[in-house]
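Okay, structure first, notes after.
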C-alpha cells in the first residue's frame, strides 16, 4: 500500500519575501534624484489619469458599485466627485492612470508600469490622513512609498520574465502595492511578509488580453484591479489573517512550481532607489513603450513622406526582439486597445500626421484607408544590437529605425532613435516637456486658477513634500 504523509512543520518565510519586508519596513529613502524623479512621476501619473477622464469608456468603469454610495471619511478619486472605500478608490485611480498607456514604464526581463502602484498608495494615504484625531501623512510619505514600490516591482522584473510563462506583469503591481500599503497602515515587518505571501498565492492574470487575437480594453484596467487587490489583502492581513511562509517555494503547491516552471527568482541588485532613478517616462506619445522611438522616427520623416503616401513601395522598420514579440502584428485591429499595441499602426500614424495622440486610436482615425495601406507596406526586422543593448544595464536602449522606399527608386534616410525622450539619458531635454505635458493634462479638468495653485505646489519639491496628503488631494477634487 502506498501511503503519503505530509510533514506539517511551518517553515521560515521564503527569503525573497523576508528581504522585501525588511526593505519596506526599515529602509530610508534619502536619494535626492529618486525623490525628485518621484515628484515628476507623481504629477505625470496624475496627469495621465486626468486625460483619461475625457474618454467615456474609462469613466463608465469608475465610481461605487452601487450608484450613489458615499463613504464618509473615505478616499477621494482625483478629478472626480467620488468618495469611496480605499479598495474601490484604488481600482478607480489605477484604472485612470493606465487607461491611455501614457504613464511610466520599466523595461527589463519583465516590463511594466511601476506608477500603477500610485493607484493604491494615494487613496490609502488620503484615507489615513482624514481620520479624526490622527496626524495626517505628508506627501513625502507618498513619495517614499512610490520609490519603494517602483523598486520592488522593478527589481523583481530585472531578471525574471513573467510574460514568457504567460503571466501578466500586473502581478508585480499587486505585490508592490500590498507591501507598501501594509506598512502605511501600520503593519509590522512580519505582516508585510504575510501580505506578500497572499499576493503571490493569488497567482496572476493571464496575458491573453494583451496579445493578438484577443487584445482588448481589460489591459487598461488590469493594473487598477491589481493595485486594489493589494490594498484589500493588506486590510485583511491587518485584521490578523495569517500568512503562508513558503508561498513561493512550497513543493508542488508554491508559486515557483505552479506558475514559474519550477524556477526560483533571480536578482541583479539589492533594493534601494535604482528603479525610480532610471524609470522611463512616456512624454511624447501615448504609445506602448517599445514603439516610442519608432513613432519619434516616423514623425521626423512625416514632412518627407506625407505628400507621397501613394508612391511608397515599402517601409522598413528595424526594431528589437521585445517589440517584435509583444506589439508587432498584422491583420484587422478591432478596438483602440488593439491599436495602441500595434507597432505598425503607431508608426503609420506618425508618418501620416507627424504626431500621435490618444484620439488616434479611436475608430474615426483608424477608418482612414491610408493607415492600413501603410501597415501593409511595412517590413519589420530585428537588429541584434538593438536587442542586446535593450538588456544592457548601463544602456537600456529602446531602439527603432524607420526608412521609407518609393516606387521611383528613391528613399528617405534611415532615421534611428535609440533612446526615447523619457529615458534617463535625455532627462535634461525631457523634464521640461514632461512638465508641459502635465500642464496640458491638468487643463483638461480644472480651471486656470486651480491649475496655477496646483502648479505652485507640485513644482516645488520642499513645499510638496511637507504638504499633508488630504490637503494635496483636495486640490484635485
note = Only unsatisfied item for residue 187, checking (1) surrounded by fewer than 24 Cβ atoms within 10 Å (Cβ to Cβ); (2) under 21 Å from residue 265 (Cβ atoms); (3) free of Cβ contacts under 8 Å to residues at least 60 places away in the same chain; (4) out of contact with any strand residue (DSSP E or B) (no Cβ under 7 Å at 6 or more places or on another chain), is (2)
query = Which one of the conditions (1) under 19 Å from residue 57 (Cβ atoms); (2) assigned to a loop (DSSP other than H, G, I, E, B); (3) at pLDDT 95 or above does residue 355 fail to meet, given that it meets all the rest?
reply = (1)
key: Enumeration of residues in the range 418-430 that are in contact with a strand residue (DSSP E or B) (Cβ under 6 Å, 6 or more places away or on another chain) and not in a loop (DSSP other than H, G, I, E, B)   = none
task = Would you mind telling me which numbered condition in (1) crowded, with 19+ Cβ neighbours inside 10 Å; (2) within 27 Å of residue 459 (Cβ to Cβ); (3) touching a residue at least 60 places away in the same chain (Cβ under 8 Å) residue 155 fails?
result = (2)
ask   = Considering the range 219-252 alone, what residues qualify as being exposed (fewer than 14 other Cβ atoms within 10 Å of the Cβ) and within 19 Å of residue 10 (Cα to Cα)?
value = 240, 241, 242, 251, 252
Filter result for residue 354 (surrounded by fewer than 16 Cβ atoms within 10 Å (Cβ to Cβ), within 28 Å of residue 48 (Cα to Cα) and touching a residue at least 40 places away in the same chain (Cβ under 8 Å)) = yes
message = Residue under question is residue 181, and the condition is that it be surrounded by 24 or more Cβ atoms within 10 Å (Cβ to Cβ) and under 14 Å from the mean Cα position of the chain (by Cα); does it hold?
response = no
query = Does residue 433 count as outside any loop (DSSP other than H, G, I, E, B), surrounded by fewer than 18 Cβ atoms within 10 Å (Cβ to Cβ) and in contact (Cβ under 8 Å) with a residue 40 or more places away in the chain?
reply = yes
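The values are calculated or read from the model by the stated rules, or taken from the named source; none is laboratory data. Owing to the predicted nature of the structure, the values given are computational and were not obtained by experimental measurement. Because the Cβ atoms are built from the backbone with ideal geometry, glycine has one as well, and the counts that use them run over all protein chains shown.
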